[in-house]
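Beneath this line is the structure, given in structure tokens, with notes to follow.
The values are calculated or read from the model by the stated rules, or taken from the named source; none is laboratory data. A quick note: this is a predicted structure, and the numbers were derived from the prediction, not measured. Methodologically, a virtual Cβ is constructed for each residue, glycine included, from the backbone with ideal geometry; neighbour enumeration extends over all protein chains shown. Remember, those area values only see protein heavy atoms, side chains included, never the ligands or the DNA or RNA. Shrake-Rupley method; radii C 1.70, N 1.55, O 1.52, S 1.80 Å.
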Amino acid sequence: VVVRMIPDSRLPPRRLHAVRTAQTFAVIKWQSPYDSPEQDMLYAVAVKDLVRKTDKIYKVKSRNSTVEYTIKKLEPGGKYHVTVQLGNMSKESSLKINTVPLSAPDALKIITENDHILLFWKSLALKESNFNESRGYEIHMFDSLMNITAYLGNTTENFFKVSNLKMGHNYSFSVQARCLFGGQMCGEPATLLYDELGTGKDSSATKPGQATDVAAIVVPVLFLLLVTLGIGFVVLYMRHRRLQNSFTAFANSHYSSRLGSAIFSSGDDLGDEDDEAPMITGFSDDVPMVIA
């Protein structure tokens, strides 16, 4: 059984959806109101910019059952409402599109000075062809202790000075492409934590220095330990050689060639050198005793 829709020019386009969304364009696709059109169909694609409050209408002619169209000249981070209908102003199909915002600046760093800090980052124009330096950047600060977010300002440079920070407060700084039209078209933020903890130092900025200080302490200590262990091994080796030589000499002095082995006396005999001397049993009567 083959079922075919009756052609009706009052029906809306079917299955309208976005195939791909980028920073400056979006690809949408829909199907004709009925299957297998026998003639070209004229569609009206209306694009309303929800941020700038402007409208644009594009005309698309196609005989295909599935139509794909690319909406160009959009802005990064924009919000749009798209409607598609036949040229005779029949029923419409609609969808909302949010374009991809500008990416976050790279290599955000903090340098601590005496009474302030400096935020540094790479130019966003190096990787974003849709970004112009004249647009600038805006900087926000979040105080976790007070639980408040503050807007610090904007700049067209690649650095920003922040003063009047309170000791013991933890701050998070974010840098992004400046928002347009009431803060609705912004870039992605790059965020970095500044953790003072009462020291007035940036945790991210001092980590390399801390690592260097630790290495400066650990390396000499390890070197001294290795030298000490080396000296200890040499001393033990020398003592072992000395004891071995002493034992060899002692064993050779007690070696009996007749028995073919070394003979050692018991501990009771050690140090008793007069055992081999003849015992004096007494004096004979015929031996005169001389008394001086």
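Net charge of the neighbourhood of residue 92, taken over other residues with C-beta under 13 Å away and scored Lys/Arg +1, Asp/Glu -1, is +4. Take every pair of alpha-carbon atoms less than 8 Å apart whose residues are at least six positions apart; their mean separation over the length of the range 106-195 yields a relative contact order of 28 percent.
Residues 10, 63, 52 ordered from highest to lowest accessible area at a 1.4 Å probe: 10, 63, 52.
Cross-link reach is defined here as a Cα-Cα straight distance under 22 Å, omitting same-chain residues fewer than 8 places apart; for residue 48 the lysines meeting it are 29, 56, 59, 61, 72, 73, 79, 91, 96. Counting only Cα atoms, the range 106-195 measures 40, 26, 16 Å along its principal axes, largest extent leading.
Pull out the extension gain between residue 140 and residue 226, defined as 0.36 nm times the separation in residues minus the alpha carbon to alpha carbon distance; nm, one decimal.
Taking 0.36 nm per residue and subtracting the Cα distance, the gain is 25.9 nm.
Across the range 14-98, C-alpha contacts under 8 Å between residues 6 or more apart give a mean separation that, scaled by the residue count, equals a relative contact order of 34 percent.
The value obtained for the range 14-98, namely the Cα convex hull volume divided by the number of residues, is 80 Å³ per residue. According to the Cα-based calculation, Rg over Rh for the range 27-174 is 1.21, with Rh computed by the Kirkwood formula.
Placing dummy labels 7 Å off each Cα toward the beta-carbon, the span from residue 164 to residue 96 is 3.7 nm.
Heavy-atom accessible area with a 1.4 Å probe sorts 193, 236, 50, 86, largest first, into 236, 193, 50, 86. Taking all protein chains together, 116, 240 sort by accessible area into 240, 116, largest first [probe 1.4 Å].
Subtracting the Cα-Cα distance of residue 235 and residue 18 from 0.36 nm times their residue separation leaves 70.1 nm of extension gain.
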